[in-house]
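Asks: This is the structure I have questions about; it appears just below.
The values are calculated or read from the model by the stated rules, or taken from the named source; none is laboratory data. For clarity, every value in this text was computed on a predicted model and none was experimentally measured. Cβ placement follows ideal geometry from the backbone for every residue including glycine, while neighbour counts extend to all protein chains displayed. Surface areas here come from the heavy atoms of the whole protein model, side chains and all, with no ligands, DNA or RNA. Shrake-Rupley method; radii C 1.70, N 1.55, O 1.52, S 1.80 Å.
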Amino acid sequence: MFNAAEFVESSLKEIQETVGKTRVISACSGGVDSTVTTFLVHKAVGSSLIAVFIDDGLRREGEPEFVMRILKELGIQAKYVDAKKEFFEVFKGKTDAEEKRKAFRDKFYKTLGKAAKEEKIGFIAQGTIKADVIETTTGIKSQHNVLSQIGINPEKYGYKILEPLRELFKPDVRKVGRELGLSAEIYERMPFPGPALSLRVLGEVTPEKVAIVRKATEIVESETMGLGTFQNFAVLHNDKATGIKNGARVYGNIITVRIVESDNAVTATAKQVPYKKLKKISERITGEIPSVVRCLYDITDKPPSTIEFE
Ligand code: XMP
């Protein structure tokens, strides 16, 4: 049985011994893993840590403001980096999922590396967890934060990596967050992939497409808050379908809604959401997003599907 108090105690000691007086940077996206990591390292090394929020233009509505507020409330020194334009630039012409992940990863580490250089950093803290390591080593996909497995050697750039959660699965990460005194608003957050909405825009990622899926995400999340499911989100398809808007036949966007139950993301079950709820989501998505003419619900489990579409 996992003991969060013992884990925190030994982790703090280990981080202090490893880091010494060296400065540490932690990229905090607002997700459970990176926020717990950031707070754990902050507890261990205090003002030697600087957190950065890299605004890649791919986050949920209101997320940059939310993360900066949380970091401030936790007393963590934090820096906001606006990299929206640069991220959209690297997605140009890329349609393959793994190519998109690689483009995201390269830009992410370049941006983080630049911030690290400015702050004279020796360590990069990352919220890598066990599922990331397993999925990368077994070839299911390349999680952007499993550096050694994807052929990036941070030492080459003068940094060492700190991954205090790499032996834990998500439920234990949540326990650590609670043990550290984080609010439930943070440690109970739904998992959100590092490359964020870039994985939920199928095909090429553009600011216009991200805006559509961001709005659909907001609708899905607000309508499904009480379900207690593992992940609830919207996906924008790359192809279009015929529909009717304002009395005219149009060729518009397709959104799929995915709501799954899972313990650790290794397997998942599509949630049997009441039909009335699905209908409301569909009406809101097609009613509030002008370009969307069709809304689908994904009833496939993992396996054979994955949770994300890409
Ligand atoms: P899949 O789609 O493989 O996802 O069933 C399992 C869990 O991992 C998340 N996910 C990612 N997280 N980078 C991340 O940080 C990624 O590239 C990535 N792809 C999927 C997914 O949201 C789910 O929680």
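Asks: Could you work out how far the C-alpha centroid of region 236-263 sits from that of region 5-65, in angstrom?
Replies: 37 Å
Asks: When the Karplus curve 6.51 cos²θ - 1.76 cosθ + 1.60 is applied with θ = phi - 60°, which whole-Hz ³J(HN,Hα) does each residue of region 251-268 get, with x for Gly and Pro?
Replies: 10, x, 7, 10, 10, 9, 9, 10, 9, 10, 9, 6, 9, 9, 6, 6, 10, 7
Asks: Continuing with the same structure: How much length is gained if the chain between ASP82 and ASP239 is pulled fully straight, taking 0.36 nm per residue apart and subtracting their Cα-Cα distance, in nm to one decimal?
Replies: 53.5 nm
Asks: Here is the link list: LYS130/LYS271; LYS72/LYS102; LYS277/LYS302; LYS92/LYS130; LYS85/LYS120. Which ones come out longer than 28 Å on Cα distance?
Replies: Among LYS130/LYS271; LYS72/LYS102; LYS277/LYS302; LYS92/LYS130; LYS85/LYS120, the Cα-Cα distance tops 28 Å for LYS72/LYS102; LYS92/LYS130.
Asks: With N set to the residue count of the chain, report its C-alpha Rg divided by 2.2 N^0.38 Å to two decimal places.
Replies: Dividing the Cα radius of gyration by 2.2 N^0.38 Å gives 1.01.
Asks: What number in nm² do you get for region 157-310 if you take the convex hull of its Cα atoms and divide its surface by four?
Replies: Across all orientations, region 157-310 yields a mean hull projection of 11.7 nm².
Asks: Relative to the present Cα-Cα distance, how much length would full extension add between SER10 and TYR297 at 0.36 nm per residue of separation?
Replies: Stretched out fully, the SER10 to TYR297 stretch lengthens by 98.9 nm.
Asks: Now, a different point. Let me have the relative contact order for the chain, percent, based on Cα pairs under 8 Å that are six or more residues apart.
Replies: 17 percent
Asks: Still on this structure: How big is region 225-305 by Rg and Dmax over its Cα atoms, in Å?
Replies: Cα-based Rg and Dmax for region 225-305 come out at 14.1, 45 Å.
Asks: Short version: what are the Cα gyration tensor semi-axes of region 1-65, square root of 5 times each eigenvalue, largest first, in whole Å?
Replies: Ellipsoid half-lengths, sorted descending, are 25, 16, 7 Å.
Asks: What is the P(r) of region 1-115, as percent of Cα-Cα pairs per 5 Å bin from 0?
Replies: 2, 11, 19, 19, 18, 13, 10, 6, 2, 0
Asks: A follow-up question, please. Antiparallel DSSP bridges in the chain: what percent, to the nearest 5?
Replies: Of the beta bridges lying entirely in the chain, close to 40 percent run antiparallel.
Asks: A further question follows. Report the label-to-label distance for ARG178 and THR137 in nanometres (one decimal), using points 7 Å from each Cα along the Cα→Cβ vector.
Replies: According to this spin-label approximation, the distance is 2.8 nm.
Asks: Continuing with the same structure: Within region 176-288, what whole-number % of the accessible surface is contributed by carbon and sulfur, with the 1.4 Å probe and all protein chains included in the calculation?
Replies: C and S atoms contribute 48 percent here.
Asks: Can you list, bin by bin at 5 Å, the percent of alpha carbon pairs in region 179-249, starting at 0?
Replies: 3, 13, 19, 19, 18, 12, 7, 4, 2, 1, 1, 0
Asks: Assuming 0.36 nm per residue, please report the length gained on full extension of the stretch VAL250 to LYS120 beyond their Cα-Cα distance.
Replies: Additional length available on full extension: 41.4 nm.
Asks: With +1 assigned to the C-beta of every Lys and Arg and -1 to the C-beta of every Asp and Glu, and no other charges, what is the dipole magnitude of the chain about the Cα centre in debye, to the nearest 20?
Replies: 660 debye
Asks: Using only DSSP helix segments of four residues or longer, with each worth -39500 (n - 2.57), what per-residue ellipticity at 222 nm results for the chain after dividing by its residue count and rounding to 500?
Replies: -12500 deg cm²/dmol
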